[in-house]
Each structure stands twice: as structure tokens, then as C-alpha cells.
1. Provide the per-residue ³J(HN,Hα) series for segment 275-280, in order, calculated from phi with Karplus coefficients 6.51, -1.76, 1.60 and θ = phi - 60°, each as a whole number of Hz, with x at glycine and proline positions.
2. Among the trypsin sites (Lys or Arg not before Pro) in segment 104-154, which ones are in a DSSP loop with at most 15 other Cβ atoms within 10 Å of the Cβ? Mind listing them?
3. For L337, which sequence-distant residues (separation of 5 or more, or a different chain) have an amide H within less than 5 Å of its own amide H, given hydrogens modelled in the peptide plane?
4. Show me, for segment 252-261, the HN-Hα J-couplings you get by feeding each phi into the Karplus relation (A = 6.51, B = -1.76, C = 1.60, θ = phi - 60°), rounded to Hz, glycine and proline as x.
5. Taking amide H atoms as placed 1.01 Å from N in the peptide plane, list the residues 5 or more away in sequence, or in a different chain, whose amide H sits under 5 Å from that of L256.
6. For segment 334-411, how big is the tail of P(r) above 16 Å, as a whole percent of Cα pairs?
7. How large is the direction-averaged shadow of the alpha-carbon convex hull of segment 221-262, in nm²?
8. Could you pull out every residue, at least 5 positions away or on a different chain, whose amide H is within less than 5 Å of the one on T105? Hs are placed 1.01 Å off N in the peptide plane, and Pro or chain starts have none.
Amino acid sequence: MEYLKRGWGGEMKKVANKVGIIGLAIVVLLVSVSCSTAVLPPVEGSISVSSLPSGAHVTIEGSNWIGCETPCRTPDLQPGTYTIKLSLEGCQAWSKNVQVMGGETSSVDARLICPTPTPTTGYIEVTSSPSGADVYLDSKYGRTPHTFTVSPDRWYTIKVTLTGYEDWSTSEKVNPGETRRVGARLTRTSGYISVTSSPSGARIYLDGSYKGTTPHTISDVSRGWHRIKLSLSGYQSRSKDVMVYADSTAYVDEILEPIAPPGYISVSSSPSNAYIDLDGDYTGSITPKTLSSVSQGRHTIRLRHTDYYDWTTTVDVVSGRTSSVSVALTPISSPTLGSISVSSSPSGAYIKSLDGIGYGGVLKTPCTVPNVKPGTHVIELSLAGYEDWSTSVQVNPGGISSVSATLVPKTTPATGGTISVSSSPSSANVYLDNTYKGITPLTIPDVSTGTHTIKVTLAGYDDWSQNVQVTSGETLPIPASLTKTSTPTPTPTPKAPTTVLGVIAALAISGIIAGIKSIGRK
């Protein structure tokens, strides 16, 4: 029994020893796990940042992080409290403390305070109808539609020009930050002529130039008086003067009269060689003569011959037939008629009329008007480009009265305009249609209406040119802003490598000197 007790006890000790070792191992394991868990770092978090307006720069106070631009997200952060700062040009600085939780992303939405700056400029927006017009704002230039940036609180002169339209101008002033809109409704400088006829199909001539057949509307007719002529085969031509106003329509409506076939007048006299006048105008013919192409109806024939009394009669002309006139002139028993000797400066003037009776442009100064009855007469001269001239003259029987006329050139109204050219800088050369005119500032008067080319040149500056439209009686300002000519950078000239060559030469000289000394020692 005792043996059993000792044996059992021994076994139990062995078991107890084993259990103790296992328990100790379990305890050590548990402690190891517990220590391992205790040293793990906490889970990180982050911050999502947005702002209004966006684009603000985000930094974390006390951090070396370079930051980001909103909207953005910070890098991972350890749990804790952080101060987020935002900055944006023109806005007040913004900051906030943010709590970061492990494994979470905190959100921050910043509303920045951005004061509105006080504007220092304004704007003038210029449009025109039609568009594409040249617009000048004081010395500035553009083409419509165009917006000028201007200084506020002062007046500006705006001028809009376009070929074929009247110039338009106004003055405007703007407030700081304001955009003033200016609309120019341009008026054409030309007008229209609506031409109709009865019957239609007549050829239309405007100031001698063919324009079509009726009915027709002629466009782009310059302002002023114009002559419309209608011609249709078988009808008498009709002419009418019409006044054209800018951007308006003048109307011409004519009823054409049929042309009856002409008739003829056979004129003879005894003696022959008498001057023949038809309806008060000299025909350029002498008897005997058959006058052709005489319109149907009643006409007056007058015969004039030296030393014979004038003879006058009427004759009815029938279409397509010849009417005859024959007369024996009565001689003047004693000289009861006189003559008028006419001269003029310049010569070549026509005797337009004597006592209102036309001479048909046959006699030209210097000349003599024969067979003038005694008494006071009025003689009238005419020459192209000069004013008509008239005077009274006393004619005595058998005498020759002299008349001398000094003709006065016609004065024509100014049809040109003026161009005023300025430049920045001044003292630049000005050319009008490639003809030198002077230096700026320069006013060029009496420039014909229409389109011209202005060219401005100055040494050291690029040439400047512009096509301009000149209007009769108006002054057109032309400001030229010159641009300096860009000077190319000169290419440096390669220099000879004098340093290297000098070193080589020095070594060579040293070698020669050393050689000479060596020879001397020997």
C-alpha cells in the first residue's frame, strides 16, 4: 500500500510538473499577445477641404506639408486636433480647428470673404448699322463693333465713318466699372431715282450715262441735281432735272409723245445767198436750200441779206411733205441798216442772241453782225466755262458799232474736303496718294471727294497708311500712331583665339632663347 502511495505520488508530481510548464507557456504567450497589442499605432484619418470661391491654398499649421488647392484632401493624419488655414488673393485669411478621428475623413467647407475692388476704368462699346465702320474715340481707333477701355468721369468724342454714309458723332462719359453702349445708325450719302415711263421700255440716261430701261430704280446716286433723259424709238426724247437727297428716293414718271415723220421746207430767194433763220435761230444755211428734218406744225422763216430788207413768213409743215418758200427781197434804196463788230477776251465766244433772237452758235468772236436796224439793241455772248455776257449797243444807219466783252470765268462751289493729319510722334512726313504734302501736324485743303490713301513716315518708325473717305465741305481728322521699328540684335563677330595663339608663340620664343643659351654654354 505504501508502495502504491509512493508510486502514485511520484506520478502526480510528474504530472504537476508538466502542467506547470504548460501553464507557464500559456501565460507567457498571453503576455506576449497582450504586449504586442499594446504597441500597435492608432488608425490614421484625413480632412477634405472645399471653399467658396474655390482655388484657395490649404495648409496645416505647424506642418511641413506644402498644401493643396481647394477642393482637395489632406494626406493621412494621426488622430487629434489640427488648425486648417486657407488663403486666396483678394480674400481674407481663413482658419479653423478640425478634429481628426482614426479611420475617418473630416469635412471642412470654408466661405471666404472677398471684398469687391473699386474699379478704376470704364468701357464704351460702339456698334453701327451697318457694321464694319471706322470708329474714332479721341485718338483711339477701332472698327465696329468695338469696345474701348477708358478712364471714367471724363467726356469722350466718338466719330463713326463708313464709305457711302454720312459721318456720325456723339460725346459720352462713363462711371467707374460702367459699360456704356453706343449705337450709330448711319445714313447713306447717296439716294435713289425711280424712273417710269408710258410706254415702258425707254432707255434711261443719268447725266449722260446709260442705266437701263424703264421701269427701273437707279441706286447709289450722289446727292444733288441730276438730269434724267428718256429715249424710245418712235417717240420724242424727254429730259428732266431731279434733286436727289441722301437715303431717299426721287421719282421720274414721263409720258412719251410719238414722233411724227419730219417734213421739209424748200427756201429760195432773189437774190440768193440770203441767211435763213428757222423759228428765230440761224440754220447755218443760205438760199437756195431745202431744210430737212423739220417737225410737223407751223414754223417761222426769216431771210436776211446785206442791203436788203429782212423778210419773214410762216409756213405749215406736213409730215413727210415739202413746203416751199420763195421770195424776191426788197433792196434798201439808201443805207438804213448798220452792223455790230463784236470782240471778246478770251475770243471764240458765240453770239448767243440779238434782241432775244438766237443765232444758233454760228457767229463766233471776233465777228460782225450785219443788217442790224438802227436803234438800241441788246447783244448776248456765250462761252463754255464763262458767265454769259450781255450789253446794249446803239446802231446807226450805215454805221458799224463796236462791242468788246471781257468774260468772267464761272465760279464753281467747292466740291472737295479737308484732311487734318496728326501723328505721335509729330514731325512725320505726310503723303496723299503717294504725293508728298508736308509734315505733321498738317491740314490738306481742297481734297477731291472720294477715297484717298494717307501715308505717314518717320525715320526709326514703321510706315503708317490708311484709306480715307473725303466728303465735300467737311474736315476729316486722321490721327496716326507710329510704331518704332524693331532693331535686330547684331550677331557678334567671332574673335580670333588670340590667347591660345599668344601662349603658343610665347612657348616657341622661350624654346628659342633656351636653345641659344645652351649653345652658348657649350
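None of the figures in this text is laboratory data; all of them are computed from the coordinates on show. Owing to the predicted nature of the structure, the values given are computational and were not obtained by experimental measurement. Note that we place each Cβ from the backbone using ideal geometry, even for glycine, and neighbour counts take in every protein chain shown.
1. Using θ = phi - 60°, the values come out as 5, 10, 10, 10, 6, x Hz.
2. Answer in residue order: R154.
3. Under 5 Å from the amide H of L337: G398.
4. Once rounded to whole Hz, the list reads 10, 9, 10, 9, 8, 9, x, 8, 7, x.
5. The answer is S198.
6. Working: 1361 of 3003 pairs.
Summing the P(r) tail past 16 Å for segment 334-411 gives 45 percent.
7. 3.4 nm²
8. Amide H neighbours of T105: S46.
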